[in-house]
1. Is it the case, given these coordinates, that Glu62 is under 20 Å from the mean Cα position of the chain (by Cα) and at pLDDT 90 or above?
2. Output the residues belonging to segment 84-114 that are among the small types (Gly, Ala, Ser) and surrounded by 10 or more Cβ atoms within 10 Å (Cβ to Cβ).
Amino acid sequence: MAYSFFQSSRSRRNGALHNLETSIEDQIEALREELAELTHVLGKTSRHRGKTLRSQASASYEDILGRSEDLLNELQQRYLRSAGEVRNTVRRHPLATVGAAAAFGLLVAMLARR
């Protein structure tokens, strides 16, 4: 009788352990599915965000490139105007230009001596 009593107790315990093991396996499987879904959603979100950032960076690059081209054109125009003004000034006041150049050369020579 003791043998049958222990046997039935052991089978109940094994049944409970089996149920617990099945429950844990089911929970692990559910967690795996949720993790796979989360990974999929994060991947999609990351790709979308990456495309958005790439688009914004491209637009910013194009904007900066356009602005720099405009600035370069403006600087070239200013340079040409300044060069023209200098030429005109030299033509109108040749002696003053030679005197200013000589004074500048003298100043540079004095500074170079020190």
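1. Numbers: under 20 Å from the mean Cα position of the chain (by Cα): yes; at pLDDT 90 or above: yes.
Yes.
2. Of segment 84-114, the ones among the small types (Gly, Ala, Ser) are 84, 96, 99-103, 105, 109, 112.
Scanning segment 84-114 gives Gly84, Ala96, Gly99, Ala100, Ala101, Ala102, Ala103, Gly105.
The values are calculated or read from the model by the stated rules, or taken from the named source; none is laboratory data. The shown structure was predicted, so the numbers you read here are calculated from the model rather than taken from an experiment. In this analysis, Cβ positions are derived from the backbone assuming ideal geometry, glycine residues included, and neighbour counts consider all displayed protein chains.
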